[in-house]
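Let me begin by presenting the structure, written as structure tokens, before commenting on it.
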Amino acid sequence: MLQVTNVSLRFGDKKLFEDVNIKFTPGNCYGLIGANGAGKSTFLKVLSGEIDPQSGHVSLGKDERLAVLKQDHFAYEDYQVLETVILGHERLYQVMKEKDAVYAKADFSEEDGMKAAELEGEFAELNGWEAESDAAILLKGLGVAEDVHDKKMADLSGSDKVKVLLAQALFGSPDILLLDEPTNHLDIQAIQWLEEFLINFDNTVIVVSHDRHFLNKVCTHIADVDYGKIELYVGNYDFWYESSQLALKMAQDQNKKKEEKVKELQNFIARFSANASKSRQATSRKKMLDNITIEDIKPSSRRYPYVAFKPEREIGNDLLRVEGISKTIDGVKVLDNVSFTLNRDNKVAFVGRDELAKTTLFDILMGEIEPDEGSYSWGVTTSQAYFPKDNSKFFENNELTLVEWLRQYSPEDQTETFLRGFLGRMLFSGEEALKKAKVLSGGEKVRCMLSKMMLSSANVLILDEPTNHLDLESITSVNNGLIQFNGAILFTSHDHQFINSIANRLIEITPKGLIDKEISYDEYVSDRALQAEIDSCYQ
């Protein structure tokens, strides 16, 4: 058990936490959520002992072990892969090294024999004889090929290093597991494996993630960081979000009878509980939900940006025709004879492993670069708005205030009142609207680019990783805005729920051609035969 008692932490004048009291118990997975800058990662560092709070303390149960997902992907360059995983259990690794050193002595004494016997006993207690096989099983589950297990970490690709560090954190069944954005840079198969691992994990997990699908799959509780406090709620992210919004609506709506709203809340709790899946962790969550009362549901004080795309005109029958597009970049053929046709009803997610191929295609379709071969044509009734993955050219060395910056992209109303009102809905209120464009954070730049797109009134939206840098509130708002958009969408994303709730068609650009399916993303990733076909295209 991990207990937090009266913990407070400040950085200068900024209060992150004040008098936080939480008990994290075994068998539960806690999703730590909060706006960007709220202190989620910092709180994990407090829990791990990397940062000391100004007051209060964090305590572990007797003889309990805590493991943390390391963020430095280059910290173990001189270690072998299997060795790096076993390093996740520091005491076991230390015993292994001490044991090897004793046996390596040329003048092995009786005292050395006693020491070796003592170490052998501890080694067995720590499951040392299974250490290498256990590490290999974790690596295999995450998709790290067996032929690299004996290689140095320096020889691995960036994505494999991420997986090895995740296996290191999971190794040895720690009593407390702290994971900061564990799904970043993982492929579909690795994420699915991790979900199942955590669902069946018997000890305590505390995870920070912007992946709502992941939080919904693995979490039994949500720990909400808000205004220096951390509140615990039973249920996964969707339950927290929907119930808090319903409670907020109930608090704001003074015209309807309270009894009607209470009934609505009760029905919501019952419905959500009944829909819990049959996995062990979800069943446990269902039991907790059954015990929730109306008083346990609290409105959220979170602020959500207003995201709504309203096209100026409808699209005709023709949307986009792409014929034989090829493009080579730095000697590598990124696109090879790509052809497809889209119609007015398509909301297409471009998925797959080659990030550069997707970005290059979008840049070509928006006229940012020219193809080496082939052509494309947009329907005459279409108008496009583009969200590029790299938006730096819109903000670098830009001395304009946000009001002045947005005025460039407002074709009709350029008044101060309109622009400041628009920015206010995107969470740039008061003096925030007068910030210089060049000093914005990554998330603030994304909100500005979305504002630019909304003002365009385009009927075709092209978005390359729009959820990067956003907090969960903004991701939810963008997601809802695109679901309601009455136009065509071409987009890329690593967010499972984002793709599944928006796309009605999936296109994957592989080295051996396109995989083009009009199915949901859930169906796409769960179809084993299809995934095997896709894997063969990359071999």
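The values are calculated or read from the model by the stated rules, or taken from the named source; none is laboratory data. Because the structure is a prediction, the values reported are computed rather than measured. Neighbour counts run over all protein chains shown; Cβ positions are idealised from the backbone, glycine included. Accessible surface areas use protein heavy atoms only, side chains included; no ligands, DNA or RNA. Shrake-Rupley method; radii C 1.70, N 1.55, O 1.52, S 1.80 Å.
A compact table of results
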{"read-out": "Segment 498-530, residues that are surrounded by 16 or more Cβ atoms within 10 Å (Cβ to Cβ), part of a helix (DSSP H, G or I) and out of contact with any Phe, Trp or Tyr (no Cβ under 8 Å at 6 or more places or on another chain)", "value": "498, 501, 521, 524, 525"}
{"read-out": "Test result for residue 486, closer than 28 Å to residue 412 by Cα and open to solvent by less than 10 Å² (accessible area, probe 1.4 Å)", "value": "no"}
{"read-out": "Any hit, segment 422-437, residues being buried (at least 16 other Cβ atoms within 10 Å of the Cβ) and more than 30 Å from the chain's Cα centre (by Cα)", "value": "no"}
{"read-out": "Count of residues meeting criterion [on the phi > 0 side of the Ramachandran plot and of a type in the set (A, V, I, L, M, F, W, C)] in segment 2-23", "value": "0"}
{"read-out": "Any hit, segment 100-119, residues being at pLDDT below 90 and either within 19 Å of residue 174 (Cβ to Cβ) or among the aromatic types (Phe, Trp, Tyr) (or both)", "value": "yes"}
{"read-out": "Checking residue 360 against (1) touching a helix residue (DSSP H, G or I) at 6+ places or on another chain (Cβ under 7 Å); (2) surrounded by 19 or more Cβ atoms within 10 Å (Cβ to Cβ), the condition it does not meet", "value": "(1)"}
{"read-out": "Subset of segment 94-127 that is under 27 Å from residue 165 (Cα atoms) and in a loop (DSSP other than H, G, I, E, B) - its residue that is least open to solvent (accessible area, probe 1.4 Å)", "value": "126"}
{"read-out": "Residue within segment 28-36 that is hydroxyl-bearing (Ser, Thr, Tyr) and closer than 19 Å to residue 233 by Cβ present", "value": "yes"}
{"read-out": "Residue check, residue 334 open to solvent by 40 Å² or more (accessible area, probe 1.4 Å) and over 29 Å from residue 475 (Cα atoms)", "value": "no"}
{"read-out": "Members of segment 138-167 found to be part of a helix (DSSP H, G or I), loosely packed, with under 12 Cβ neighbours inside 10 Å and within 25 Å of the chain's Cα centre (by Cα), listed by number", "value": "158"}
{"read-out": "Cβ pairs under 8 Å, 6+ apart, first in segment 38-61 and polar (S, T, N, Q), second in a loop (DSSP other than H, G, I, E, B)", "value": "42/51"}
{"read-out": "Out of 389, 393, sole residue that is basic (Lys, Arg), closer than 15 Å to residue 462 by Cα and either surrounded by 14 or more Cβ atoms within 10 Å (Cβ to Cβ) or without any contact (Cβ under 8 Å) to a residue 12 or more places away in the chain (or both)", "value": "389"}
{"read-out": "Some residue of segment 179-198 being open to solvent by less than 10 Å² (accessible area, probe 1.4 Å), closer than 10 Å to residue 29 by Cβ and touching a residue at least 40 places away in the same chain (Cβ under 8 Å)", "value": "yes"}
{"read-out": "Any hit, segment 455-467, residues being assigned to a helix (DSSP H, G or I), more than 21 Å from the chain's Cα centre (by Cα) and surrounded by 15 or more Cβ atoms within 10 Å (Cβ to Cβ)", "value": "yes"}
{"read-out": "Which numbered condition residue 449 fails, given (1) touching a strand residue (DSSP E or B) at 6+ places or on another chain (Cβ under 9 Å); (2) open to solvent by 30 Å² or more (accessible area, probe 1.4 Å); (3) not in a loop (DSSP other than H, G, I, E, B)", "value": "(2)"}
{"read-out": "Residue within segment 214-222 that is out of contact with any strand residue (DSSP E or B) (no Cβ under 6 Å at 6 or more places or on another chain) and hydroxyl-bearing (Ser, Thr, Tyr) present", "value": "no"}
{"read-out": "Helices (runs of 4 or more DSSP H) completely within segment 168-254 that count 3 or more residues being out of contact with any helix residue (DSSP H, G or I) (no Cβ under 6 Å at 6 or more places or on another chain)", "value": "188-199, 237-252"}
